[in-house]
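Asks: Have a look at this one before I ask anything.
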Amino acid sequence: MNPAPEDILKKSVQYLKSIGPKRAESFGKMRIVSVRDLLFYFPSKHLDRTTILTAIKAYEHLINGYEGELTIIGKVYQVERIRFRQKQILKVQFRDISGFFECVWFQGINYFADLFHEGEIFALSGKPVLSKYGNLQYTHPDFDRITEEESNNLINTGKIIPFYRIPKELRQKNIGDFSLRKIISSAVENYSALLEETLSLEIIQDQNLISLPEAVRNYHFPESPELLHAAIQRLKFEEIFYLEILVALRKHNYKTSQPGNSMKIVSHLVAEFLKTLHFQLTKSQLKVLTEIKKDMESPSPMNRLLQGDVGSGKTIVALIAMLIAVDNGFQAVLMAPTEILADQHAKNISRMMNNLSKIFSGRVIKVSLFIGGQKKSERINKLSGIELQEADIIIGTHALFEHDVKFKKLGLVIVDEQHRFGVEQRAKLLNKGIAPDVIVMSATPIPRTLSMTLYGDLDVSTISEMPLDRKSIKTFLRGESKLPDIYNFIIEKVKEGYQSFIVYPLVEESEKLELKSAMKYYSDLSKTFLKDIRIGLIHGRMSWHEKEEVMSLFLARQFDVLISTTVIEVGIDITDANIMLINDAQRFGLSQLHQLRGRIGRGTKQAYCILVTKDEYLAKNKIHDLDYLSPTQLEKQKTMVRLHTMVQYNDGFKISEIDLKLRGPGDIFGTAQSGFPELKHINIINDSEIIMSAKKIAFELIKEDPHFVNNKNLIIKKNLLSHYSASLKYSKIA
Ligand code: ADP
Ligand code: MG
């Protein structure tokens, strides 16, 4: 019997022409093991004659004031090293049929000099300028080598050439642009026809898609620009469609697995609690509460994402939901990603519960803190309190996942800063109750298209406004030379009752990275600049009790300044701390910077965030309009964009949108944690139309046929089982 086509594709790449065991091993390191894997290793870009200019045309463009990117194909004419003010410069002259142009390199001279030899042909892209001698000149351009034949095909017959990322594993085995193109070309020729369709005919026709083999072929070696576009569209659709199928399955299974609890939502307890608050809930908080209450009342289990920017007041909303659960005779859990945060929640909530002691059937509502690092006797005590329902509200960390934590009657699970937890962990906690209601909270605001995709199995509530009395935080970017002034500012502000955070990236000095460390600077600063004020230190290597003590002292205003690592990144709420100095700010990601900044500006005072970087260049240069940077520019200026984004924006949604742009579609935060496959083709921001239609079709399909029994859906079931098995465990299909 002949093997099935899909089985042939499972063969090792080693069976392909010009791949031996050594090269196969290198491919393996890139996670390309089978022939099928190789077929799905797509080009990072293509070259097409409509985007290429001759040297003379490009020159005319420059004369006319054009400042954008240009691509020219040229043959190496001369390679020379020039001395210029003590330094060497590499200059490579190229020619094409119309004339000459040149490229210069100021760095990595030796490396680049080795890559260009007389007579070789390259495609060069970048933003050329006119040199002072009037030559068309590129500085550090992007370049790709092509063969003479390819160059002719490209220019004369309009053939489109693919370019692949070639990681060092392959380069070391002498696989460069030419050889990889050859290897893939022969694989596409011999094997792409064997690819089995993964979408039903109905969907393919409805969505006007091309077939999978055709898409794969044209993504690699497009017959025309239109077919290249169609190929990409097809792969995008497929990718997001399967993700949405997984999401829809998850939702379906959660809603139908078990009936949940139906709670009475008119609560005397909550009414009394609201009277004890010294502020009024915002309209937004009230709106999300209505949504939450509706879910709690309904017998099907709640599965809701509560989104809201840092400082928007999610905790109080969560607490009200917990009180409803408690009033209905259930236990409620609040889970936090760090011990400090769990402790802070426990302290605040216990304090608030004390004001309520008379109302709740004559006893105090019992709040229990459960974290790792507690003494054994304490732990045993707490475990039995949870199991016997002596504890009503249980607040804890990852420690709550442990198997000996048993609840008597768990009705509500709240996960704070949910992006810090994996889906697997959440699932563990949910299994400790009988279909408990679930609220996951996130201060990492994400654009709608992303939340729809990643959290499509959740209903979403958003707190869209800040409490009224907030002033927006002022953010500055400074070079390190300004540190003395900044310290003086901090000292001045102490007189006005300000407390400050000073954040460093690491605990101890690390020579390799030359990063600042909290410990070293704590001891330096307490002897120098900050010797006249009171400073404290907190970092992740401290024991839980040490951390807790420092935080209590800071909260009680026993320190003016807290020197810290990122242990304070999430959730911490200290109203009087209104200055945040972040050192080596270029080391942090955008969402991390936003979270850190979110620690201040939680009261009525004007808050200040100061980002400090070693690189004075970063501190001084401005980026004018972030919306109009090309992808290459963005790439080069990522660090700068991150820092300037912080200065320019306070709005977490805007910041996360830029963050997504910077990270690119393949690296969406939380995808790994979400248990869904990584997205390679879809761009969450730009492809919203495809996402919408894929989502619609996927959700309708699961609603109609959740077990894939219809004939037309068998193809989808089969593909899910063979290619998405890892993600399926959270979405079980029958
Ligand atoms: P986050 O959404 O970042 O978790 P918190 O729940 O920690 O924010 O709330 C930030 C601060 O705002 C807390 O000190 C909280 O008591 C306060 N707060 C919450 N809601 C309001 C409100 N409606 N008016 C004024 N302050 C509020
Ligand atoms: Mg919070």
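The values are calculated or read from the model by the stated rules, or taken from the named source; none is laboratory data. No experiment lies behind these values; they were computed from the predicted model shown. When we count neighbours, we look across all protein chains shown, and the Cβ atoms used for this are built from the backbone with ideal geometry, even at glycine. Quick note on the areas: whole protein, heavy atoms, side chains included, nothing else; ligands and nucleic acids left out. Shrake-Rupley method; radii C 1.70, N 1.55, O 1.52, S 1.80 Å.
Asks: Can we say M580 is aliphatic (A, V, I, L, M), within 16 Å of ligand 1 (Cβ to nearest atom) and part of a helix (DSSP H, G or I)?
Replies: Here the answer is no, as M580 does not meet what is asked.
Asks: Taking segment 556-568, which residues are more than 14 Å from ligand 2 (Cβ to nearest atom) and in contact (Cβ under 8 Å) with a residue 24 or more places away in the chain? Walk me through it before giving the result.
Replies: Going through segment 556-568, the residues more than 14 Å from ligand 2 (Cβ to nearest atom) turn out to be 556-567.
Selection gives R557, Q558, F559, D560, V561, L562, I563, S564, T565, T566, V567.
Asks: A further question on this structure: Please tell me if L305 is surrounded by 23 or more Cβ atoms within 10 Å (Cβ to Cβ) and either within 16 Å of ligand 2 (Cβ to nearest atom) or within 29 Å of the chain's Cα centre (by Cα) (or both). Spell out how you get there, then give the answer.
Replies: Working: surrounded by 23 or more Cβ atoms within 10 Å (Cβ to Cβ): no; either within 16 Å of ligand 2 (Cβ to nearest atom) or within 29 Å of the chain's Cα centre (by Cα) (or both): yes.
Answer is no for this residue.
Asks: Right, something else. Could you give me the residue pairs with C-beta distances under 6 Å whose first residue belongs to segment 184-202 and is farther than 12 Å from V216 by Cα, whose second residue is aromatic (F, W, Y) and in a helix (DSSP H, G or I) wherever it lies, and which are 6+ apart or on separate chains?
Replies: none
Asks: Within segment 574-586, can one find any residue that is closer than 23 Å to A342 by Cβ and within 14 Å of ligand 2 (Cβ to nearest atom)?
Replies: For segment 574-586, residues closer than 23 Å to A342 by Cβ and within 14 Å of ligand 2 (Cβ to nearest atom): present.
Asks: Scan segment 264-282 and tell me whether some residue there is within 30 Å of the chain's Cα centre (by Cα) and away from ligand 2 (no atom under 16 Å from the Cβ).
Replies: Taking every residue of segment 264-282 in turn, none turns out to be within 30 Å of the chain's Cα centre (by Cα) and away from ligand 2 (no atom under 16 Å from the Cβ).
Asks: Report every pair of residues separated by at least 6 positions or lying on different chains whose Cβ atoms are under 9 Å apart, first residue within segment 569-586 and among the polar types (S, T, N, Q), second within 11 Å of ligand 2 (Cβ to nearest atom).
Replies: T575/R602; N578/R602
Asks: State yes or no: is H229 open to solvent by 60 Å² or more (accessible area, probe 1.4 Å) and not in a loop (DSSP other than H, G, I, E, B)?
Replies: yes
Asks: Criterion first (among the charged types (D, E, K, R) and either more than 16 Å from ligand 1 (Cβ to nearest atom) or assigned to a helix (DSSP H, G or I) (or both)) does R304 satisfy it?
Replies: Answer is no for this residue.
Asks: Next up: Within segment 308-320, track down each residue that is open to solvent by less than 10 Å² (accessible area, probe 1.4 Å) and within 14 Å of ligand 2 (Cβ to nearest atom).
Replies: G308, S312, V317, A318, L319
Asks: Going by the conditions given, is A336 of a type outside the set (S, T, N, Q), open to solvent by less than 10 Å² (accessible area, probe 1.4 Å) and touching a Lys or Arg at 6+ places or on another chain (Cβ under 9 Å)?
Replies: Criteria met by A336.
Asks: Only helices (runs of 4 or more DSSP H) wholly contained in segment 14-113 count here; list those with 3 or more residues that are modelled with pLDDT of 90 or more and not assigned by TED's automatic domain parsing to the domain that holds P128.
Replies: Because the criterion is at least 3 residues that are modelled with pLDDT of 90 or more and not assigned by TED's automatic domain parsing to the domain that holds P128, the helices (runs of 4 or more DSSP H) in segment 14-113 that meet it are 21-29, 35-39.
Asks: Of all residues being part of a loop (DSSP other than H, G, I, E, B) and under 11 Å from D392 (Cα atoms) in segment 329-353, which is nearest to ligand 2 (Cβ to nearest atom)? Just the residue, please. Walk me through it before giving the result.
Replies: So in segment 329-353, the residues part of a loop (DSSP other than H, G, I, E, B) come out as 329-330, 336-338.
Among the residues that remain, those that are also under 11 Å from D392 (Cα atoms) are: 329-330.
Details: G329: 27, F330: 23 Å.
Restricting to residues being part of a loop (DSSP other than H, G, I, E, B) and under 11 Å from D392 (Cα atoms), the top hit is F330.
Asks: Can you confirm whether V561 is out of contact with any strand residue (DSSP E or B) (no Cβ under 7 Å at 6 or more places or on another chain) and among the aliphatic types (A, V, I, L, M)? Full working, then the answer.
Replies: On the way: out of contact with any strand residue (DSSP E or B) (no Cβ under 7 Å at 6 or more places or on another chain): no; among the aliphatic types (A, V, I, L, M): yes.
Criteria not met by V561.
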